[in-house]
1. Only residues that are over 11 Å from residue 8 (Cα atoms), free of Cβ contacts under 8 Å to residues at least 12 places away in the same chain and either touching a strand residue (DSSP E or B) at 6+ places or on another chain (Cβ under 6 Å) or surrounded by 13 or more Cβ atoms within 10 Å (Cβ to Cβ) (or both): list them for region 51-95, please.
2. Could you check, for region 20-28, whether at least one of its residues is in a helix (DSSP H, G or I) and within 30 Å of residue 88 (Cβ to Cβ)?
3. Modelled with pLDDT under 95, exposed (fewer than 11 other Cβ atoms within 10 Å of the Cβ) and within 30 Å of residue 12 (Cα to Cα): is that true of residue 151 in this structure?
4. Could you please tell me which pairs satisfy a Cβ distance under 8 Å, a separation of 6+ or placement on different chains, a first residue in region 101-116 that is farther than 15 Å from residue 24 by Cβ, and a second residue that is surrounded by 14 or more Cβ atoms within 10 Å (Cβ to Cβ) and of a type in the set (Val, Ile, Thr)?
5. Tell me which residues, restricted to region 26-67, are out of contact with any helix residue (DSSP H, G or I) (no Cβ under 8 Å at 6 or more places or on another chain) and among the acidic types (Asp, Glu).
6. Just checking, which of 105, 93, 114 is at pLDDT 90 or above, in a helix (DSSP H, G or I) and over 19 Å from residue 3 (Cα atoms)?
7. In the list 45, 1, which residue meets the criterion of being loosely packed, with under 14 Cβ neighbours inside 10 Å, modelled with pLDDT under 95 and assigned to a helix (DSSP H, G or I)?
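The values are calculated or read from the model by the stated rules, or taken from the named source; none is laboratory data. What you see is a predicted model, and the numbers here were worked out from it, not measured in a lab. Here the Cβ positions follow ideal geometry from the backbone for every residue, glycine too, while neighbour counts run over all protein chains shown.
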Amino acid sequence: MREEVKNLIDAVNEESDYLDELADVIRDQREAMRDRDTENVNSLMSEMRDIFFDAQTSDTRRNDLSRSLAAKYMCEPKASSLSEKMHEDERMIFNGAVDRLTQTIFVLKSEMMILTGLIDQHEKYTSMLLSEFNRLNGDRLSQSGGADFRG
């Protein structure tokens, strides 16, 4: 296998590994939120930032290698174009790595959608509780002789 192709395959696999780790941390964070474990949530946020930085670095490396290989083979720096220029054995391994990265991105997006939905629900629930608290607190003020400015 040519060295530049091996380096690109390694970069794709490395990025997949980081994104898998990120999805795992998001799942752990969701569990910690469910358990109301604030300390663990904060710890996982820190871990998530570190993994995200590593994933970004890996993504940049993969993009640089893709562009370099595309320039060498005079094609676009897209997986499909690069794959066409590879030998059969390289192509099979490369396509497998690309498929894994695509699946990992799909899983990560799904986890992010779930987390975003939970945060939205939490925000609505908190808003309802604050509204009810303010309503009840306003009733206490009016009962204690304070001014009630509600319409």
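1. 57, 75, 76, 81, 91
2. Yes, region 20-28 contains at least one residue that is in a helix (DSSP H, G or I) and within 30 Å of residue 88 (Cβ to Cβ).
3. Considered against the rule, which asks whether it is modelled with pLDDT under 95, exposed (fewer than 11 other Cβ atoms within 10 Å of the Cβ) and within 30 Å of residue 12 (Cα to Cα), residue 151 comes out as no.
4. Taking only residues 6 or more apart or on different chains, the pairs are 101/12.
5. Answer for region 26-67, where residues must be out of contact with any helix residue (DSSP H, G or I) (no Cβ under 8 Å at 6 or more places or on another chain) and among the acidic types (Asp, Glu): 31, 35, 37, 39, 50, 64.
6. 105
7. Details: 1 fails: assigned to a helix (DSSP H, G or I).
The match here is 45.
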